[in-house]
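See below for the structure under consideration.
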Amino acid sequence: MQAPASILNLLLLSLLAGLDHSKTQISPKEGWQVYSSAQDPDGRCICTVVAPEQNLCSRDAKSRQLRQLLEKNMSQSIEVLNLRTQRDFQYVLKMETQMKGLKAKFRQIEDDRKTLMTKHFQELKEKMDELLPLIPVLEQYKTDAKLITQFKEEIRNLSTVLTGIQEEIGAYDYDELHQRVLSLETRLRDCMKKLTCGKLMKITGPITVKISGTRFGAWMTDPLASEKNNRVWYMDSYTNNKIVREYKSIADFVSGAESRTYNLPFKWAGTNHVVYNGSLYFNKYQSNIIIKYSFDTGRVLAQRSLEYAGFHNVYPYTWGGFSDIDLMADEIGLWAVYATNQNAGNIVISQLNQDTLEVLKSWSTGYPKRSAGESFMICGTLYVTNSHLTGAKVYYSYSTKTSTYEYTDIPFHNQYFHISMLDYNARDRALYAWNNGHQVLFNVTLFHVIKTEDDT
(Lines give C-alpha, C1' and ligand atoms only; values in the text may rest on other atoms or scores of the structure.)
Protein backbone atom coordinates (compact mmCIF):
# COMPACT_ATOMS: atom_id res chain seq x y z
CA MET A 1 0.00 0.00 0.00
CA GLN A 2 1.39 3.50 -0.94
CA ALA A 3 1.18 6.08 1.85
CA PRO A 4 -0.82 9.33 1.20
CA ALA A 5 1.11 12.49 0.18
CA SER A 6 0.42 14.31 3.45
CA ILE A 7 1.90 11.46 5.47
CA LEU A 8 4.92 11.31 3.15
CA ASN A 9 5.55 15.00 3.67
CA LEU A 10 5.65 14.46 7.43
CA LEU A 11 8.10 11.61 6.99
CA LEU A 12 10.27 13.74 4.70
CA LEU A 13 10.44 16.51 7.24
CA SER A 14 11.45 14.00 9.88
CA LEU A 15 14.12 12.49 7.68
CA LEU A 16 15.47 15.81 6.52
CA ALA A 17 15.74 17.12 10.03
CA GLY A 18 19.09 15.30 10.44
CA LEU A 19 20.44 16.04 6.95
CA ASP A 20 22.83 18.67 5.71
CA HIS A 21 21.64 21.15 3.08
CA SER A 22 24.31 19.75 0.80
CA LYS A 23 23.70 16.72 -1.36
CA THR A 24 24.04 13.45 0.53
CA GLN A 25 24.40 10.15 -1.32
CA ILE A 26 22.27 7.35 0.07
CA SER A 27 21.64 4.06 -1.61
CA PRO A 28 18.06 3.69 -2.90
CA LYS A 29 17.97 0.32 -1.17
CA GLU A 30 18.84 1.82 2.23
CA GLY A 31 16.39 4.71 2.43
CA TRP A 32 15.49 8.11 1.04
CA GLN A 33 18.01 9.64 -1.49
CA VAL A 34 18.47 13.40 -1.51
CA TYR A 35 19.82 14.75 -4.77
CA SER A 36 19.85 18.46 -3.96
CA SER A 37 18.75 21.03 -1.46
CA ALA A 38 18.23 24.77 -1.53
CA GLN A 39 16.59 27.59 0.35
CA ASP A 40 13.68 29.68 -0.97
CA PRO A 41 13.39 33.46 -0.39
CA ASP A 42 11.35 32.86 2.74
CA GLY A 43 14.06 30.66 4.24
CA ARG A 44 12.30 27.37 3.71
CA CYS A 45 14.31 24.33 2.72
CA ILE A 46 13.58 22.87 -0.72
CA CYS A 47 14.81 19.34 -1.42
CA THR A 48 14.82 16.91 -4.30
CA VAL A 49 14.49 13.29 -3.07
CA VAL A 50 13.84 9.77 -4.36
CA ALA A 51 11.72 7.43 -2.22
CA PRO A 52 13.16 4.03 -1.33
CA GLU A 53 12.05 0.88 -3.13
CA GLN A 54 8.66 -0.48 -2.00
CA ASN A 55 10.07 -3.67 -0.58
CA LEU A 56 12.01 -1.60 1.92
CA CYS A 57 8.73 -0.20 3.36
CA SER A 58 8.14 -3.37 5.24
CA ARG A 59 11.52 -2.94 6.99
CA ASP A 60 11.25 0.79 7.41
CA ALA A 61 10.18 1.57 11.00
CA LYS A 62 8.28 4.72 10.06
CA SER A 63 6.53 3.00 7.21
CA ARG A 64 5.55 0.17 9.49
CA GLN A 65 4.15 2.63 12.03
CA LEU A 66 2.32 4.42 9.26
CA ARG A 67 0.76 1.18 8.00
CA GLN A 68 -0.28 0.11 11.51
CA LEU A 69 -1.86 3.48 12.10
CA LEU A 70 -3.76 3.35 8.83
CA GLU A 71 -4.97 -0.23 9.42
CA LYS A 72 -6.13 0.62 12.93
CA ASN A 73 -8.01 3.71 11.80
CA MET A 74 -9.59 1.92 8.87
CA SER A 75 -10.59 -1.08 11.03
CA GLN A 76 -12.24 1.18 13.57
CA SER A 77 -14.05 3.13 10.86
CA ILE A 78 -15.26 -0.05 9.19
CA GLU A 79 -16.44 -1.47 12.53
CA VAL A 80 -18.36 1.69 13.37
CA LEU A 81 -19.86 1.76 9.88
CA ASN A 82 -20.83 -1.93 10.18
CA LEU A 83 -22.54 -1.36 13.54
CA ARG A 84 -24.47 1.58 12.19
CA THR A 85 -25.45 -0.37 9.10
CA GLN A 86 -26.71 -3.32 11.19
CA ARG A 87 -28.65 -0.99 13.47
CA ASP A 88 -30.27 0.79 10.53
CA PHE A 89 -31.03 -2.52 8.82
CA GLN A 90 -32.79 -3.85 11.92
CA TYR A 91 -34.78 -0.64 12.14
CA VAL A 92 -35.81 -0.97 8.48
CA LEU A 93 -36.86 -4.60 9.03
CA LYS A 94 -38.90 -3.61 12.06
CA MET A 95 -40.60 -0.80 10.16
CA GLU A 96 -41.30 -3.14 7.23
CA THR A 97 -42.99 -5.64 9.57
CA GLN A 98 -45.10 -2.92 11.15
CA MET A 99 -46.12 -1.57 7.74
CA LYS A 100 -47.13 -5.05 6.58
CA GLY A 101 -49.17 -5.52 9.76
CA LEU A 102 -50.96 -2.22 9.29
CA LYS A 103 -51.64 -3.03 5.66
CA ALA A 104 -53.12 -6.42 6.61
CA LYS A 105 -55.30 -4.83 9.31
CA PHE A 106 -56.66 -2.23 6.88
CA ARG A 107 -57.39 -4.94 4.33
CA GLN A 108 -59.16 -7.06 6.99
CA ILE A 109 -61.27 -4.11 8.12
CA GLU A 110 -62.29 -3.40 4.53
CA ASP A 111 -63.10 -7.08 3.83
CA ASP A 112 -65.08 -7.41 7.09
CA ARG A 113 -67.12 -4.33 6.27
CA LYS A 114 -67.99 -5.60 2.80
CA THR A 115 -68.76 -9.11 4.09
CA LEU A 116 -71.03 -7.84 6.86
CA MET A 117 -72.93 -5.50 4.57
CA THR A 118 -73.27 -8.19 1.91
CA LYS A 119 -74.63 -10.64 4.48
CA HIS A 120 -77.20 -8.15 5.77
CA PHE A 121 -78.51 -7.24 2.36
CA GLN A 122 -78.52 -10.88 1.25
CA GLU A 123 -80.78 -11.65 4.22
CA LEU A 124 -83.12 -8.91 3.07
CA LYS A 125 -83.06 -10.28 -0.47
CA GLU A 126 -83.96 -13.76 0.80
CA LYS A 127 -86.81 -12.31 2.85
CA MET A 128 -88.11 -10.61 -0.29
CA ASP A 129 -87.87 -13.91 -2.20
CA GLU A 130 -90.03 -15.51 0.48
CA LEU A 131 -92.66 -12.79 0.11
CA LEU A 132 -92.90 -12.81 -3.68
CA PRO A 133 -94.83 -16.16 -3.93
CA LEU A 134 -97.64 -14.60 -1.90
CA ILE A 135 -98.48 -12.03 -4.56
CA PRO A 136 -100.07 -14.40 -7.15
CA VAL A 137 -102.46 -15.61 -4.45
CA LEU A 138 -103.57 -12.13 -3.50
CA GLU A 139 -104.12 -11.16 -7.13
CA GLN A 140 -107.16 -13.44 -7.32
CA TYR A 141 -109.24 -11.15 -5.18
CA LYS A 142 -110.71 -8.15 -6.93
CA THR A 143 -112.09 -6.73 -3.71
CA ASP A 144 -108.58 -6.12 -2.44
CA ALA A 145 -107.18 -4.94 -5.78
CA LYS A 146 -106.14 -1.55 -4.44
CA LEU A 147 -104.34 -3.05 -1.44
CA ILE A 148 -102.62 -5.65 -3.60
CA THR A 149 -101.46 -2.99 -6.06
CA GLN A 150 -99.97 -1.07 -3.16
CA PHE A 151 -98.21 -4.21 -1.91
CA LYS A 152 -96.82 -4.94 -5.36
CA GLU A 153 -95.55 -1.39 -5.72
CA GLU A 154 -93.81 -1.52 -2.33
CA ILE A 155 -92.24 -4.87 -3.15
CA ARG A 156 -91.13 -3.58 -6.55
CA ASN A 157 -89.60 -0.48 -4.94
CA LEU A 158 -87.80 -2.53 -2.31
CA SER A 159 -86.58 -4.99 -4.92
CA THR A 160 -85.20 -2.10 -6.99
CA VAL A 161 -83.41 -0.71 -3.93
CA LEU A 162 -81.98 -4.12 -3.05
CA THR A 163 -80.76 -4.61 -6.61
CA GLY A 164 -79.02 -1.25 -6.44
CA ILE A 165 -77.48 -2.17 -3.11
CA GLN A 166 -76.03 -5.32 -4.61
CA GLU A 167 -74.28 -3.14 -7.15
CA GLU A 168 -73.08 -0.60 -4.60
CA ILE A 169 -73.20 -1.86 -1.03
CA GLY A 170 -73.79 0.75 1.58
CA ALA A 171 -75.66 3.24 -0.57
CA TYR A 172 -78.79 2.99 1.62
CA ASP A 173 -79.53 2.65 5.30
CA TYR A 174 -79.87 -1.00 6.25
CA ASP A 175 -82.00 -0.50 9.38
CA GLU A 176 -84.59 1.54 7.49
CA LEU A 177 -84.88 -1.11 4.77
CA HIS A 178 -85.10 -3.86 7.36
CA GLN A 179 -88.02 -2.17 9.11
CA ARG A 180 -89.83 -1.66 5.80
CA VAL A 181 -89.48 -5.36 4.94
CA LEU A 182 -90.72 -6.43 8.39
CA SER A 183 -93.70 -4.09 8.17
CA LEU A 184 -94.61 -5.35 4.72
CA GLU A 185 -94.27 -8.97 5.81
CA THR A 186 -96.59 -8.40 8.80
CA ARG A 187 -99.24 -6.80 6.62
CA LEU A 188 -99.04 -9.61 4.06
CA ARG A 189 -99.28 -12.29 6.74
CA ASP A 190 -102.33 -10.57 8.27
CA CYS A 191 -103.98 -10.51 4.87
CA MET A 192 -103.14 -14.20 4.27
CA LYS A 193 -104.83 -15.13 7.55
CA LYS A 194 -108.10 -13.90 6.08
CA LEU A 195 -107.94 -16.43 3.27
CA THR A 196 -110.06 -19.54 3.48
CA CYS A 197 -109.11 -22.85 1.86
CA GLY A 198 -109.11 -22.65 -1.90
CA LYS A 199 -108.98 -24.58 -5.12
CA LEU A 200 -105.80 -25.03 -7.15
CA MET A 201 -105.86 -22.87 -10.27
CA LYS A 202 -102.26 -22.53 -11.43
CA ILE A 203 -98.67 -23.71 -10.78
CA THR A 204 -95.73 -21.46 -11.68
CA GLY A 205 -91.98 -21.84 -11.45
CA PRO A 206 -89.89 -23.62 -10.55
CA ILE A 207 -87.40 -21.66 -8.50
CA THR A 208 -84.19 -23.69 -8.19
CA VAL A 209 -83.01 -23.46 -4.59
CA LYS A 210 -80.06 -25.87 -4.70
CA ILE A 211 -78.42 -28.67 -6.69
CA SER A 212 -77.36 -31.57 -4.47
CA GLY A 213 -77.73 -35.25 -3.70
CA THR A 214 -78.75 -38.15 -5.89
CA ARG A 215 -81.52 -38.32 -8.46
CA PHE A 216 -84.09 -39.14 -5.75
CA GLY A 217 -84.72 -37.56 -2.37
CA ALA A 218 -86.85 -35.26 -0.22
CA TRP A 219 -86.48 -31.87 1.44
CA MET A 220 -89.07 -30.04 3.53
CA THR A 221 -89.96 -27.46 6.17
CA ASP A 222 -92.55 -27.69 8.95
CA PRO A 223 -95.89 -26.06 7.96
CA LEU A 224 -96.80 -25.63 11.64
CA ALA A 225 -93.53 -23.98 12.64
CA SER A 226 -93.51 -20.35 13.77
CA GLU A 227 -92.63 -17.62 11.31
CA LYS A 228 -89.16 -17.32 12.86
CA ASN A 229 -88.52 -21.06 12.60
CA ASN A 230 -87.37 -21.80 9.06
CA ARG A 231 -85.52 -25.06 9.61
CA VAL A 232 -85.01 -27.29 6.58
CA TRP A 233 -84.72 -31.10 6.64
CA TYR A 234 -82.95 -33.05 3.90
CA MET A 235 -83.25 -36.81 3.18
CA ASP A 236 -81.21 -38.03 0.23
CA SER A 237 -82.13 -41.22 -1.71
CA TYR A 238 -85.27 -43.38 -1.50
CA THR A 239 -83.81 -46.36 0.35
CA ASN A 240 -80.91 -47.75 2.37
CA ASN A 241 -80.49 -44.55 4.37
CA LYS A 242 -81.22 -43.38 7.92
CA ILE A 243 -79.48 -39.96 8.03
CA VAL A 244 -81.59 -36.78 8.19
CA ARG A 245 -79.72 -33.47 7.85
CA GLU A 246 -81.06 -30.30 9.44
CA TYR A 247 -80.36 -26.66 8.48
CA LYS A 248 -81.44 -23.60 10.44
CA SER A 249 -82.69 -21.70 7.39
CA ILE A 250 -83.00 -21.79 3.62
CA ALA A 251 -79.82 -19.69 3.44
CA ASP A 252 -77.90 -22.27 5.50
CA PHE A 253 -79.34 -25.04 3.35
CA VAL A 254 -78.12 -23.33 0.20
CA SER A 255 -74.64 -22.76 1.66
CA GLY A 256 -74.45 -26.30 3.12
CA ALA A 257 -74.12 -25.16 6.76
CA GLU A 258 -75.62 -28.11 8.64
CA SER A 259 -76.85 -27.45 12.17
CA ARG A 260 -77.54 -31.07 13.14
CA THR A 261 -77.89 -34.62 11.83
CA TYR A 262 -80.25 -37.36 13.01
CA ASN A 263 -79.60 -41.09 12.76
CA LEU A 264 -83.03 -42.66 12.54
CA PRO A 265 -83.65 -46.04 14.20
CA PHE A 266 -85.02 -47.47 10.92
CA LYS A 267 -84.30 -47.06 7.23
CA TRP A 268 -86.98 -45.28 5.25
CA ALA A 269 -88.75 -46.31 2.05
CA GLY A 270 -89.48 -43.88 -0.77
CA THR A 271 -89.24 -40.08 -0.70
CA ASN A 272 -92.74 -39.23 0.53
CA HIS A 273 -91.96 -38.16 4.09
CA VAL A 274 -93.36 -35.14 5.91
CA VAL A 275 -92.33 -32.98 8.87
CA TYR A 276 -95.38 -31.88 10.86
CA ASN A 277 -95.47 -30.04 14.19
CA GLY A 278 -91.85 -30.88 15.06
CA SER A 279 -91.94 -34.59 14.15
CA LEU A 280 -90.91 -36.58 11.11
CA TYR A 281 -93.42 -39.07 9.64
CA PHE A 282 -91.98 -41.73 7.33
CA ASN A 283 -92.63 -45.21 5.96
CA LYS A 284 -90.43 -47.89 7.51
CA TYR A 285 -88.43 -49.82 4.87
CA GLN A 286 -90.00 -53.06 3.56
CA SER A 287 -93.21 -52.58 5.51
CA ASN A 288 -96.47 -50.63 5.60
CA ILE A 289 -95.58 -49.27 9.06
CA ILE A 290 -95.66 -45.51 9.61
CA ILE A 291 -93.12 -44.05 12.06
CA LYS A 292 -93.46 -40.82 14.03
CA TYR A 293 -90.01 -39.56 15.10
CA SER A 294 -89.49 -36.53 17.35
CA PHE A 295 -86.63 -34.21 16.41
CA ASP A 296 -86.66 -32.68 19.89
CA THR A 297 -86.23 -35.95 21.83
CA GLY A 298 -84.60 -38.10 19.14
CA ARG A 299 -87.07 -40.88 19.91
CA VAL A 300 -89.87 -42.75 18.14
CA LEU A 301 -93.14 -41.42 19.55
CA ALA A 302 -95.50 -43.74 17.66
CA GLN A 303 -95.64 -46.41 14.97
CA ARG A 304 -98.59 -48.10 13.33
CA SER A 305 -99.25 -50.41 10.42
CA LEU A 306 -101.39 -48.92 7.65
CA GLU A 307 -103.88 -51.72 7.16
CA TYR A 308 -103.94 -53.35 3.71
CA ALA A 309 -101.59 -50.74 2.24
CA GLY A 310 -99.28 -52.07 -0.47
CA PHE A 311 -95.54 -51.56 0.06
CA HIS A 312 -92.10 -52.31 -1.41
CA ASN A 313 -93.01 -51.36 -5.01
CA VAL A 314 -96.39 -53.13 -5.07
CA TYR A 315 -98.28 -49.90 -5.73
CA PRO A 316 -95.66 -47.18 -6.28
CA TYR A 317 -95.88 -44.00 -8.34
CA THR A 318 -94.83 -44.21 -12.00
CA TRP A 319 -91.13 -43.72 -11.14
CA GLY A 320 -91.00 -46.61 -8.65
CA GLY A 321 -88.57 -46.08 -5.78
CA PHE A 322 -90.69 -47.76 -3.05
CA SER A 323 -93.10 -44.82 -3.27
CA ASP A 324 -96.13 -46.94 -2.26
CA ILE A 325 -97.08 -44.86 0.80
CA ASP A 326 -97.13 -41.06 0.53
CA LEU A 327 -97.39 -39.05 3.76
CA MET A 328 -98.45 -35.40 3.48
CA ALA A 329 -99.99 -32.46 5.35
CA ASP A 330 -102.19 -29.51 4.45
CA GLU A 331 -104.35 -26.87 6.17
CA ILE A 332 -106.61 -29.57 7.62
CA GLY A 333 -104.08 -32.07 9.01
CA LEU A 334 -102.01 -35.19 8.36
CA TRP A 335 -102.76 -37.59 5.48
CA ALA A 336 -101.61 -40.90 3.97
CA VAL A 337 -102.08 -41.73 0.27
CA TYR A 338 -101.61 -45.35 -0.81
CA ALA A 339 -103.32 -48.23 -2.63
CA THR A 340 -104.79 -51.56 -1.54
CA ASN A 341 -105.79 -54.82 -3.16
CA GLN A 342 -109.28 -54.27 -1.76
CA ASN A 343 -109.52 -51.08 -3.87
CA ALA A 344 -108.06 -52.79 -6.96
CA GLY A 345 -104.77 -50.88 -6.72
CA ASN A 346 -106.54 -47.53 -6.87
CA ILE A 347 -105.63 -44.64 -4.61
CA VAL A 348 -106.93 -44.57 -1.04
CA ILE A 349 -106.83 -41.35 1.03
CA SER A 350 -106.70 -41.63 4.84
CA GLN A 351 -106.72 -38.83 7.39
CA LEU A 352 -104.45 -39.69 10.35
CA ASN A 353 -104.33 -38.73 14.00
CA GLN A 354 -101.00 -36.94 14.28
CA ASP A 355 -100.31 -38.34 17.77
CA THR A 356 -101.37 -42.00 17.52
CA LEU A 357 -101.27 -42.46 13.70
CA GLU A 358 -104.75 -43.96 13.90
CA VAL A 359 -106.80 -43.69 10.70
CA LEU A 360 -109.63 -41.24 11.35
CA LYS A 361 -111.39 -41.63 8.01
CA SER A 362 -110.65 -43.03 4.54
CA TRP A 363 -111.81 -42.29 0.99
CA SER A 364 -111.45 -44.73 -1.92
CA THR A 365 -110.85 -43.17 -5.34
CA GLY A 366 -110.94 -44.70 -8.80
CA TYR A 367 -107.52 -43.47 -9.92
CA PRO A 368 -104.82 -46.20 -10.31
CA LYS A 369 -101.88 -45.56 -8.02
CA ARG A 370 -99.39 -46.92 -10.57
CA SER A 371 -100.60 -44.35 -13.14
CA ALA A 372 -99.90 -41.40 -10.84
CA GLY A 373 -96.63 -39.49 -11.13
CA GLU A 374 -96.97 -37.77 -7.74
CA SER A 375 -99.74 -36.30 -5.56
CA PHE A 376 -100.27 -33.64 -2.89
CA MET A 377 -103.09 -32.34 -0.64
CA ILE A 378 -104.38 -28.75 -0.54
CA CYS A 379 -107.33 -27.89 1.72
CA GLY A 380 -108.54 -31.50 1.88
CA THR A 381 -108.37 -32.08 -1.86
CA LEU A 382 -105.93 -34.55 -3.39
CA TYR A 383 -104.25 -33.44 -6.64
CA VAL A 384 -102.65 -36.15 -8.79
CA THR A 385 -100.14 -35.70 -11.64
CA ASN A 386 -100.21 -38.00 -14.65
CA SER A 387 -96.42 -38.45 -14.92
CA HIS A 388 -93.08 -37.77 -13.27
CA LEU A 389 -91.43 -36.89 -16.61
CA THR A 390 -91.47 -33.94 -19.02
CA GLY A 391 -94.99 -32.87 -19.94
CA ALA A 392 -96.46 -33.81 -16.56
CA LYS A 393 -99.56 -31.96 -15.37
CA VAL A 394 -102.12 -32.12 -12.59
CA TYR A 395 -104.65 -34.41 -14.19
CA TYR A 396 -107.01 -35.54 -11.43
CA SER A 397 -108.38 -34.20 -8.13
CA TYR A 398 -110.50 -35.70 -5.37
CA SER A 399 -112.29 -33.65 -2.69
CA THR A 400 -112.63 -35.30 0.71
CA LYS A 401 -115.16 -32.62 1.65
CA THR A 402 -117.64 -33.64 -1.04
CA SER A 403 -116.29 -37.15 -1.83
CA THR A 404 -116.24 -36.21 -5.52
CA TYR A 405 -113.57 -36.13 -8.19
CA GLU A 406 -112.86 -34.28 -11.41
CA TYR A 407 -110.30 -34.38 -14.20
CA THR A 408 -108.17 -31.27 -14.43
CA ASP A 409 -105.60 -29.81 -16.79
CA ILE A 410 -103.06 -27.78 -14.79
CA PRO A 411 -99.62 -27.92 -16.44
CA PHE A 412 -96.34 -27.16 -14.69
CA HIS A 413 -92.75 -26.91 -15.87
CA ASN A 414 -90.77 -30.09 -15.14
CA GLN A 415 -87.50 -28.26 -15.72
CA TYR A 416 -85.10 -31.11 -14.90
CA PHE A 417 -87.18 -33.92 -16.44
CA HIS A 418 -87.69 -36.24 -13.46
CA ILE A 419 -89.70 -35.54 -10.29
CA SER A 420 -89.41 -37.96 -7.36
CA MET A 421 -91.04 -35.81 -4.65
CA LEU A 422 -93.80 -33.18 -4.77
CA ASP A 423 -95.38 -31.91 -1.52
CA TYR A 424 -97.48 -28.89 -0.57
CA ASN A 425 -96.51 -26.65 2.37
CA ALA A 426 -99.53 -24.81 3.77
CA ARG A 427 -97.48 -22.16 5.59
CA ASP A 428 -95.43 -21.23 2.52
CA ARG A 429 -98.31 -21.94 0.09
CA ALA A 430 -95.78 -23.57 -2.22
CA LEU A 431 -94.88 -26.98 -3.61
CA TYR A 432 -91.55 -28.46 -2.55
CA ALA A 433 -90.05 -30.75 -5.20
CA TRP A 434 -87.00 -32.94 -5.79
CA ASN A 435 -86.36 -32.59 -9.53
CA ASN A 436 -83.55 -34.90 -10.66
CA GLY A 437 -81.04 -33.83 -8.00
CA HIS A 438 -82.38 -30.25 -7.89
CA GLN A 439 -84.29 -28.91 -4.90
CA VAL A 440 -86.94 -26.57 -6.34
CA LEU A 441 -90.07 -24.62 -5.34
CA PHE A 442 -93.28 -24.12 -7.30
CA ASN A 443 -95.68 -21.28 -6.56
CA VAL A 444 -99.38 -22.16 -6.45
CA THR A 445 -102.36 -19.94 -7.22
CA LEU A 446 -105.53 -20.83 -5.34
CA PHE A 447 -109.05 -19.58 -5.85
CA HIS A 448 -110.65 -18.81 -2.50
CA VAL A 449 -112.75 -16.25 -0.72
CA ILE A 450 -111.39 -13.67 1.71
CA LYS A 451 -113.14 -13.82 5.06
CA THR A 452 -114.68 -10.58 6.29
CA GLU A 453 -115.56 -9.46 9.80
CA ASP A 454 -119.18 -10.54 9.19
CA ASP A 455 -118.21 -14.16 8.44
CA THR A 456 -118.75 -16.64 11.23
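The values are calculated or read from the model by the stated rules, or taken from the named source; none is laboratory data. All values derive from a computational prediction rather than experimental measurement. Don't worry about glycine lacking a Cβ; one is built from the backbone with ideal geometry, like all the others, and counts go over all protein chains shown. The protein model used for the area step is the full one, side chains on, heavy atoms only, and it has no ligands, DNA or RNA in it. Shrake-Rupley method; radii C 1.70, N 1.55, O 1.52, S 1.80 Å.
Values as computed for the structure displayed
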quantity	calculated
Breaking point among (1) open to solvent by 10 Å² or more (accessible area, probe 1.4 Å); (2) in contact with a strand residue (DSSP E or B) (Cβ under 6 Å, 6 or more places away or on another chain); (3) more than 25 Å from Y416 (Cα to Cα), for I203	(3)
Among the residues listed as I325, I378, the single one being touching an Asp or Glu at 6+ places or on another chain (Cβ under 7 Å) and either closer than 19 Å to N283 by Cα or modelled with pLDDT of 95 or more (or both)	I378
Set S255, S305: member being more than 32 Å from the chain's Cα centre (by Cα), open to solvent by 50 Å² or more (accessible area, probe 1.4 Å) and either in contact (Cβ under 8 Å) with a residue 24 or more places away in the chain or more than 18 Å from G321 (Cβ to Cβ) (or both)	S305
Residue tally, condition open to solvent by 30 Å² or more (accessible area, probe 1.4 Å), within 39 Å of the chain's Cα centre (by Cα) and closer than 15 Å to S323 by Cβ, over segment 336-372	0
Residue list for segment 373-388, restricted to those being open to solvent by 10 Å² or more (accessible area, probe 1.4 Å), touching a residue at least 60 places away in the same chain (Cβ under 8 Å) and assigned to a loop (DSSP other than H, G, I, E, B)	C379, S387, H388
Residues (part of a strand (DSSP E or B) and either free of Cβ contacts under 8 Å to residues at least 24 places away in the same chain or open to solvent by 10 Å² or more (accessible area, probe 1.4 Å) (or both)) located in segment 265-278	V274, Y276
